[in-house]
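Below is one structure, written out as structure tokens; comments come after it.
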């Protein structure tokens, strides 16, 4: 694997200067004066040479090993780079530029025939070496290291081109291309040192049936065609961007700016590629490839590029291209290998390259021809002029957008939805989670692992879900506990079964953490196990299971909780379960849920009877959640006393305004005056902290309110049952008022205060 990375770095030095990359394109078009159509033709010939991949099916099918033929053909491929160097020296010596163009086009086109007739063997060889579950991560790390070499080499080359006089430009190109060609040859020689494993599936003798097998795989063929169309779209303008940037007649940026762009884009590539690899291994290749297509959004910058602003826009273009570039260019190869079965792999890889090459070949040819034919076009737009370059650029962007729609229809098999992966990327937690990946997978010491686990938050943790689950069996108790807590924060359904196993195991030391994590995940299949946990002799485990059931909050979970409330459970179990349950959607959104009354029936007597101030507040918050919006009542009984007083005054003002609005036109003048007088008395008692008197006044207000709304029916003994049929919260509140009035003499000041606040809160929003 290390040799593979070193050889790949040397190979990229060859590709940088001996293929249709920015430096070569500028050399061919701006210095040898080749037309855009000629450059487009060369790119098209390179893509069409992919058809030679089909010959490799028969060649490798008749060979015992793959390495020998790959090395021989690839050496021929790399040696032809010296022809390009020779063309540069030839022009430096006074040779004709048109002959040099012909030599370069011919050498590169033939060179690509050699690499295409052999590369499927290399991909098959590497696929046998690198296990699939780490293949994406390995290739992205490999890509990062290779790009570091590319950055240094490319920037050095552009500096050399600007450092020497214009008259020596062809000598400089000759030296640079010679160095790249020699590095490319060394790349192939290093491959001879990499062992070739015995294929896990013996290659079948080549036959027509095996030759056309990939074409019968509709998903694979469709994928190959779509990828070809994506690259076709990119090739419409891609080869012509560097010449446009450095052409004195367009932008006129120095060659060094190509180096600056490469440094920026490739350094971003280096930093981000490993993350893309992990994302591919965990979420699938397809969503990553789709996101990678967004690298073309950087091209929007070219539409506004001028000789005055290129120092600002070119770095921005490079940043975006570097971020999304590895996702596409590395991702499509990994997706291809994923869709390729182990048997007959060479045939699949060959057909993929052939189809992609054939479909994409005409993109650059069309783009170059359009640029030349529309060269006289100049459309003034504000202070700018749109030329043929901009027209082709817009066409390329439109074609890529259409390509993405087709790409999304390909079936990979295990991929996460595109929207899910995209949402992960806009979540900064993903990058923080990725930074924890090495610690979780390698674990230098337990403190670092525990710290890494504590940093995992939300759905971004799905990226390291496998590593977190493995830590449930860590030797360190702290790590095990933090792993369970992290799974609860990630809320991944895939973690439910392993957490249930820990909860059911009486010897597990993380049963409490597992129960809480199951509650946060909220999967219904955990309810039976959590309900069994309520029978545990451990009060702490009972409380954790009750809280989890309340957090899940579906009918089965609430039923289990209500059943537990009716038994002699510890108070902590009741408190944890009821408070959690009262926040759930079946209470928050279910106006006519009987469970609202059933929960209040169980909780209110406990509120009246307990002497524990903390439990009393928890019961009050639970009832407040049942009567109103979950979490809202909390503010009135917690925090600084001065702050509470201010909030309670605001609550009373809203209560008074709401009564006036509701009773407008429904109350007689005498009743209205009576109500106003009682309101003033209640406000004064509340201001003086005389809660028993204030509560008594409130009972009078409530009775007047109900009589004004419901008439004589409000005085009936069974009125709360009547109200409950209309609105479960109204009926529950009427029952609470009836119970409180009956026991008013037994209520102390604090309980009176809590009941009063509950009443003000409910009627302020009725």
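List of remarks:
- For residue 405, the conditions (1) assigned by TED's automatic domain parsing to the domain that holds residue 286; (2) closer than 30 Å to residue 286 by Cα; (3) surrounded by 15 or more Cβ atoms within 10 Å (Cβ to Cβ) are fulfilled apart from (3).
- Considered as a group, the residues in region 133-169 that are under 21 Å from the mean Cα position of the chain (by Cα) and exposed (fewer than 15 other Cβ atoms within 10 Å of the Cβ) include one that is modelled with the highest pLDDT, and that residue is 134.
Listed here are the residues, each with its yes/no results for (1) in a helix (DSSP H, G or I); (2) more than 20 Å from residue 637 (Cα to Cα); (3) in contact (Cβ under 8 Å) with a residue 60 or more places away in the chain.
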| residue | (1), (2), (3) |
| --- | --- |
| 722 | yes, yes, no |
| 725 | yes, yes, no |
| 737 | yes, no, no |
| 750 | yes, no, yes |
| 754 | yes, no, yes |
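- Set 704, 686: member being surrounded by 20 or more Cβ atoms within 10 Å (Cβ to Cβ), at pLDDT below 85 and part of a helix (DSSP H, G or I): 704
- Looking across region 522-538, the residues that are in a helix (DSSP H, G or I) and touching a helix residue (DSSP H, G or I) at 6+ places or on another chain (Cβ under 6 Å) come down to 526, 527, 529, 530, 531, 533.
- Residues in region 410-421 include at least one that is more than 30 Å from residue 457 (Cβ to Cβ) and at pLDDT 90 or above.
Okay, residues lined up against (1) surrounded by fewer than 14 Cβ atoms within 10 Å (Cβ to Cβ); (2) within 27 Å of residue 705 (Cα to Cα); (3) at pLDDT below 85:
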residue: 601; (1), (2), (3): no, yes, yes
residue: 624; (1), (2), (3): no, yes, no
residue: 627; (1), (2), (3): no, yes, yes
residue: 637; (1), (2), (3): no, yes, no
residue: 644; (1), (2), (3): no, yes, no
residue: 651; (1), (2), (3): no, yes, no
residue: 655; (1), (2), (3): no, yes, no
residue: 661; (1), (2), (3): yes, yes, yes
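- Check on residue 579, at pLDDT below 85, in a helix (DSSP H, G or I) and touching a helix residue (DSSP H, G or I) at 6+ places or on another chain (Cβ under 7 Å): yes
- Selection within region 312-343 - free of Cβ contacts under 8 Å to residues at least 24 places away in the same chain and within 24 Å of residue 244 (Cα to Cα): 312, 313, 316
- Qualifying residue in region 113-122 (condition: over 16 Å from residue 357 (Cα atoms) and in contact (Cβ under 8 Å) with a residue 24 or more places away in the chain): yes
- Where helices (runs of 4 or more DSSP H) sit wholly within region 1-64, none has at least 1 residues that are buried (at least 22 other Cβ atoms within 10 Å of the Cβ) and not assigned by TED's automatic domain parsing to the domain that holds residue 363.
- Lone qualifier among 99, 78 - being in a helix (DSSP H, G or I), crowded, with 24+ Cβ neighbours inside 10 Å and at pLDDT 90 or above: 78
- Yes/no for residue 550 being in contact (Cβ under 8 Å) with a residue 40 or more places away in the chain, buried (at least 23 other Cβ atoms within 10 Å of the Cβ) and not assigned by TED's automatic domain parsing to the domain that holds residue 598: no
The values are calculated or read from the model by the stated rules, or taken from the named source; none is laboratory data. No experiment lies behind these values; they were computed from the predicted model shown. Virtual Cβ from ideal backbone geometry, glycine too; neighbours counted across all protein chains shown.
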